[in-house]
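To start, the structure under review is shown below, and the notes come after it.
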Amino acid sequence: MLVRLVGRYIRGHVWAIIAVAVLQTVSTIASLALPSLNADIIDSGVVTGDIGYIWRTGGWMLLISAVQVAAAIISAYLGSRIAMSVGRDARREMFETVQSFSSLEVSRFSPPSLITRSTNDVQQVQMVTLMTLTIIIQAPITLVGGVFMALRQDTQLSWILVAVIPVLALVIGFLATRLGPLFRTMQERLDNVSRVLREHLSGVRVIRAFVMQKEEKERFATANQELRDVSLKTGMLMALMFPAVTFIVMAAQVAVIYFGGHRVEAGMEVGALTAFISYLMQIFMSVMMGMMMFMIVPRAEVCADRIMEVLTTTPAISDPESGKVLDGGRATFALNGVSFRFPGAERDVLSNITLELAPGTTTAVIGSTGSGKTTLVNLLPRLIDPTKGTVTANGVPLSKLSLSVRERVALVPQRAHLFAGTVASNLRLGAPGATDDQLWEALDIAQAREFITDLDAEVESGGKNFSGGQRQRLTIARALVRRADLTVFDDSFSALDYATDAKLRASLDEFLADAAVLIVGQRVATIRGADTIVVLDAGEIVGTGTHESLMATCPTYEEIVLSQLTAEEAA
Ligand SMILES: Nc1ncnc2c1ncn2[C@@H]1O[C@H](COP(=O)(O)OP(=O)(O)OP(=O)(O)O)[C@@H](O)[C@H]1O
Ligand SMILES: [Mg+2]
C-alpha cells in the first residue's frame, strides 16, 4: 500500500530522484574513503615522520570531505522537496476525493477521521518518503562498502562483524514486529481523541447548559488515556531499541580494541586498526538507519492503508459518463414510487412516494419529526439516490443526467449554514454571476434587509455572528439568488415569527411565480396556502390535497391542525 501510494505521487520527480541517488552514492563513497586515507597518514606519514606526505594526503582528505558535504546537502535538499511534494499531492487528492463524497461516505469515515487521515497520516507517509530517499542508497552502500574496506584493513578481526550483525538484526526484527499492530491502534485512538474533542467543541454551549462538564471531562479523559497507554507502549519499545543497539555496538567496539591490540602486537599497523574501528562504526550506523526504517515503516504502512481506503472509495453518487444536460425551460421534478433506506438500517425511511413538482405550483410537505421530510428533500438535488423508484426531471431519471442538474434546484437546508466571507460571497454561491441589485432583491424578499445594510459585511465561519433566524433568512436569500426551476425550503421558516413568515411567503409567491416551490414545514400556518399539501407519516404519504380537502379526509392532518389551531380557526 505504502509503495503504491507513494509511487502515485513520485512519478513526476524521476530526475530529482536520480540526482538524489547519484549524490548519495558520491557522498557515501567519499565517507568510505576517508578512514583509509587517515590510516595512510598514520602508517606512512606519522610513523615515518614524512611531513610532506601528511600534507598531501591531508589535502586530499579535505577535498573529499568538501565534496561529501556538498553532495549530502544538495541531496538532502532535493530529498525534502520530493517528500514535501508527495505530502502536498496526497493531501490534495484526499481533499478532492472527499469533496466528491456524498453524506453517506462522509459519515462512514466520520469527519474527524477524515481530518486525521488528511493531516497526520499524510505527514507520516511524507516522513517515511524522506527517510527512504536518504537511507535507501546510503545504508546498503555503507554496509557493503564498509565490510569490504574493513576486510581490506584486516581479515582476522572480521569475525566480530560476522558475529554481531545477526544479533543486531534479530533484536531489531523482534521489536519491529511488535510495533506494527501498536501503530495501527495508535492512529485509531488519535481519531478517537479528535472525535471527542470535535464533538465537545461544537456542542460546548449545550454541555454547559446541561452542566455536563464533568461527564464530558471523563469522556475526554478516557479517550486521552487510551491514546497515552498505546503511545507509552510504543515509546517503551522504541526506547528499548536504542540502548539495546548501542550496547551491542559498544561491546563490538570493545572486542575490536581488545583483539586488535593483540593483532598490533602481531604486526598489524596502528592506522589500519583505527580505520577498522571507523568502518565498524559506519557499518553499525547503516544498520541503525535501516532499523529506523523498520520503526517508521510499519506506522507509515498503516497510514498509507488509511489514506488509500479513502482514495479508493467510489462515492455512491458520481457524475455519469455521458450524462445528458437538461435543455432550457423550466423543468418538472417528480418522484415515482420512491423508497429510501439508509445503508444498514432495518426499515425504509421513505416508502413508495409519488409526487410531482410542476413549474408555477407550490407543494407543501407536512409531517411529524422523523417522518422522512429531510430525506425526501435530499433526493431532489440528488444528494442521495433512492433505493427503489426514480427521481426524474422532465421525465429523465436524475442518475442519467449530468450532475449539473443540481443547478436547477435551490435548496434551503434545514440547518442553515454560512461560510466565512462576506454576505455577498455567501449569496453568490447560489449564482456566481448575480449583480448587486439581484442580491439586494433576494435579501428584500427574504426579509433580511432589516439586519443587512452592507453586502460586504463580514460572515464568520458557520455564520456564527448571526442569530439563528438571521442565518435562516440569509440561506433563503442565497437560494433565491439562484432563481432555480425548483426551490425547496426544508423547515426554513421555523425560526421566523408569524408576521415575518407571512410577509416572506407573500413576496415569495410573486418572485417564484413561474418556478416550482416545495415547502417543508411543521407549522400549519406556513403550509396551508400551498396548492397541494402532502401529509407524511413514518415515511408514507397518508394524504394529498388542499387544506380544506385534507381537513375532511385525512385524520392525521386534522390532528396536526387541531393541535396547533383552535377548532374555530381551522374551519
Ligand atoms: N444518516 C442517517 N442514517 C440513518 N438513519 C437516518 C439518517 N438520517 C436520518 N435518519 C433516519 O431517517 C428518519 C427520517 O429522518 P428525516 O431527517 O428525514 O426526518 P424529518 O422528517 O426531516 O424530521 P424533522 O422534522 O425533525 O426534520 C429518522 O427516523 C432518522 O432516524
Ligand atoms: Mg428534517
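The values are calculated or read from the model by the stated rules, or taken from the named source; none is laboratory data. Bear in mind the structure is a predicted one, so any value in this text is a computation, not a measurement. We place every Cβ from the backbone using ideal geometry, glycine too, and count neighbours over all the protein chains shown. What goes into the accessible areas is simple: the full protein's heavy atoms, side chains included, and nothing from ligands, DNA or RNA. Shrake-Rupley method; radii C 1.70, N 1.55, O 1.52, S 1.80 Å.
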Report summary line: Rounded to whole angstrom, the alpha-carbon centroid of segment 1-68 lies from that of segment 173-227 at a distance of 47
Report summary line: Amide H contacts under 5 Å for Ala515, restricted to residues at least 5 apart in sequence or on another chain and with H modeled in the peptide plane, are Gly360
Query raised in the report: Given charges of +1 on the Cβ of Lys and Arg and -1 on the Cβ of Asp and Glu, with all other atoms neutral, how large is the dipole of the chain about its Cα centre, in debye to the nearest 20?
Result: 1420
Report summary line: Debye calc, one equal point scatterer per Cα of the chain, no solvent, log10 I(q)/I(0) at q = 0.06, 0.07, 0.09 1/Å comes to -0.52, -0.64, -0.85
Requested in this report: Determine, for each peptide in 193-205, 467-479, the mean count of other beta carbons within 10 angstrom over its residues, then list the peptides with the highest first.
Outcome: 467-479, 193-205
Query raised in the report: Dipole size in debye (nearest 20) for segment 333-570 around its Cα centre, Lys and Arg Cβ +1, Asp and Glu Cβ -1?
Result: 800
Query raised in the report: Which helices, counted as full DSSP H runs in the chain, have an axial Cα extent of no less than 30 Å and a Kyte-Doolittle average of -1.0 or above?
Result: 14-40, 51-100, 159-202, 213-265, 270-311
**Report entry** Rounded to whole Å, sorted largest first: equivalent-ellipsoid semi-axes of segment 216-271, Cα gyration tensor
**Finding:** 52, 6, 5
Report task. Count the lysine pairs in the chain whose Cα atoms sit under 28 Å apart, keeping only pairs 8 or more residues apart in sequence or on different chains. Result -> 11
Query raised in the report: What's log10 of I(q)/I(0) for segment 2-311 at q = 0.14 Å⁻¹, Debye sum over Cα points only, no solvent?
Result: -1.11
Report summary line: So, relative contact order of the chain in percent, Cα under 8 Å, 6 or more apart, is 15
Query raised in the report: Counting DSSP beta bridges in the chain, what percent are antiparallel, to the nearest 5?
Result: 50
Report summary line: Computed over the chain, protein heavy atoms only, probe 1.4 angstrom, the accessible area per residue in square angstrom equals 50
Report summary line: Expected sort for 438-451, 263-276, 245-258 on mean C-beta neighbours within 10 Å, highest first, is 438-451, 263-276, 245-258
Query - Å³ per residue enclosed by the Cα convex hull of segment 333-570 - result: 129
Report task. Alpha carbons only, please: Rg and Dmax for segment 327-455, in angstrom. Result -> 17.1, 50
Query - Total formal charge among the other residues, if their Cβ is under 13 angstrom from that of Met268, Lys/Arg +1 and Asp/Glu -1 - result: -2
**Report entry** All-pairs Cα distance distribution in segment 71-173, expressed in whole percent, bin size 5 Å
**Finding:** 2, 10, 13, 13, 11, 10, 11, 8, 7, 6, 4, 3, 1, 0
Query raised in the report: Of Ala244, Ala70, Thr354, whose Cα points farthest to the positive end of the dipole of the chain (charges on the beta-carbon: +1 Lys, Arg; -1 Asp, Glu; origin at the Cα centre)?
Result: Ala244
